[in-house]
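For reference, the structure discussed in these notes is given below.
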Amino acid sequence: MAKRLACRDCHRIQETEETEACISCGSTSLTEDWAGYVVISHPEKSQVAAEMNVTDPGKYALKVR
Ligand SMILES: [Zn+2]
């Protein structure tokens, strides 16, 4: 299974295997060192999204080192 990268800035998990910049915020600070994720499909209705400052639907890592 391919390792997915997560963004250190917004925690967004990248949809493609090989990427140089975050699909969400454009940051190039990506890491393989993350644990757990949450799928946010309706950020406007999600308390988790509010706590994580997420406004775009997608997968987000819970812990990013
Ligand atoms: Zn990002």
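The values are calculated or read from the model by the stated rules, or taken from the named source; none is laboratory data. The structure displayed is predicted, hence computed values, not measured ones. We place every Cβ from the backbone using ideal geometry, glycine too, and count neighbours over all the protein chains shown. To get the accessible areas, we keep the full protein, side chains included, count just its heavy atoms, and leave off ligands, DNA and RNA. Shrake-Rupley method; radii C 1.70, N 1.55, O 1.52, S 1.80 Å.
Observations on the structure shown:
- Of the Cα atoms belonging to the chain, the radius of gyration and Dmax stand at 11.0, 32 Å.
- Of the solvent-accessible surface of segment 1-43, computed with a 1.4 Å probe over protein heavy atoms with every protein chain present, carbon and sulfur atoms account for 46 percent.
- Placing +1 on the Cβ of every Lys and Arg and -1 on the Cβ of every Asp and Glu, with no other charges, gives the chain a dipole of roughly 220 debye about its Cα centre.
- A cut-off of 5 Å between modelled amide H atoms, ignoring neighbours fewer than 5 places along the same chain, links TYR37 with LEU62.
- The chain: calculated mean residue ellipticity at 222 nm from DSSP helix runs of at least 4, using -39500 (n - 2.57): -2000 deg cm²/dmol
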